[in-house]
Amino acid sequence: LRVFIACMWERGLTRFWGSAIMGAREKRMRWIMEKKQAIRYFALIQALYYAATGLWNYLNIYLREIGFTARQLGNVSAVGILAAMAVLPLMGMLADKIRSPKKLFTWFLATMLPLLLLYPVMDLAQVTCLLPYMVLTVAMVVCTRVPAALLESWNGMEMERLGVSYGVIRRFGSLGFVIICLLASAVVGSVLPTWSCCVIMAAVGLPLLWL
């Protein structure tokens with residue numbers, strides 16, 4: 001009887017520790033898979049966003065072509081940056097309240113993309129007054145600066161939760177920026193009109209609304 005009890009006890013312990021080890025191993029594997037999927041997901045978001053905003057300098061060239069002076073461009077950018085600085089704290093508080101920087105990021109992005117398309121629309125409509133372009137450009141500065149800050153906050157928090165350095169995904173943003181600039185330099189202004197940079201930026205940023 002003692003031998004039987006000892007054997008059963010030993011078998012039970014073996015099963016228990018075996019199950020515990022297998023369970024820990026499966027949990028670790030799930031965690032690794034979740035981390036890899038998260039890195040791929042946020043790397044794609046970084047690449048697309050910085051690619052979508054990477055042609056901003058072409059927009060400045062387009063504005064010079066339609067009559068903006070360097071001083072006017074500087075003033076418009078300064079007003080846009082000041083407006084973004086005023087909006088950012090409010091958006092930070094709102095993000096904390098709704099507990100979702102991602103939602104705010106998507107909302108601003110959904111505003112930015114249609115605004116980009118207004119440039120070619122006004123060009124094709126032959127709008128000569130610079131005031132609408134000024135107002136639009138101020139709005140565009142706000143709609144690019146604020147989502148960038150929200151993106152850094154959102155992605156940074158997620159990477160910290162996973163124990164991953166933020167630089168791991170941020171480099172994909174730089175890569176997206178470089179690729180879109182290289183591709184655009186071959187066609188924008190030579191094959192395509194300069195305002196086509198706005199269409200390209202909107203097209204590249206569109207998938208972000210569904211990610």
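The values are calculated or read from the model by the stated rules, or taken from the named source; none is laboratory data. Source: prediction; values computed, not measured. Quick reminder, even Gly has a Cβ in these numbers, built from the backbone with ideal geometry, and neighbours come from all protein chains shown. In case anyone asks, the SASA skips ligands and DNA or RNA and just uses the protein heavy atoms, side chains included. Shrake-Rupley method; radii C 1.70, N 1.55, O 1.52, S 1.80 Å.
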Considering every residue within the range 7-29, establish whether at least one is at pLDDT below 90, open to solvent by 70 Å² or more (accessible area, probe 1.4 Å), within 32 Å of the chain's Cα centre (by Cα) and closer than 20 Å to G189 by Cβ. no
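Residue by residue, here is whether (1) open to solvent by less than 70 Å² (accessible area, probe 1.4 Å); (2) under 15 Å from A52 (Cα atoms); (3) of a type in the set (K, R); (4) without any contact (Cβ under 8 Å) to a residue 60 or more places away in the chain holds:
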{"site": "F105", "(1), (2), (3), (4)": "yes, yes, no, yes"}
{"site": "F108", "(1), (2), (3), (4)": "yes, yes, no, yes"}
{"site": "D123", "(1), (2), (3), (4)": "yes, no, no, no"}
{"site": "L131", "(1), (2), (3), (4)": "no, no, no, yes"}
{"site": "P147", "(1), (2), (3), (4)": "yes, yes, no, no"}
{"site": "E152", "(1), (2), (3), (4)": "yes, no, no, yes"}
{"site": "L182", "(1), (2), (3), (4)": "no, yes, no, yes"}
{"site": "V188", "(1), (2), (3), (4)": "yes, yes, no, no"}
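Here's the yes/no breakdown for (1) within 17 Å of A38 (Cα to Cα); (2) free of Cβ contacts under 8 Å to residues at least 60 places away in the same chain; (3) open to solvent by 60 Å² or more (accessible area, probe 1.4 Å):
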| site | (1), (2), (3) |
| --- | --- |
| V168 | yes, no, no |
| F172 | yes, no, yes |
| T194 | no, no, no |
| G205 | no, no, no |
Residues of the range 57-84 being open to solvent by 50 Å² or more (accessible area, probe 1.4 Å), within 26 Å of L206 (Cα to Cα) and in contact (Cβ under 8 Å) with a residue 60 or more places away in the chain, in sequence order, are I61, I81
Hey, among the residues in the range 133-145 that are open to solvent by less than 30 Å² (accessible area, probe 1.4 Å) and in contact (Cβ under 8 Å) with a residue 60 or more places away in the chain, which one's farthest from S100 (Cα to Cα)? Y133
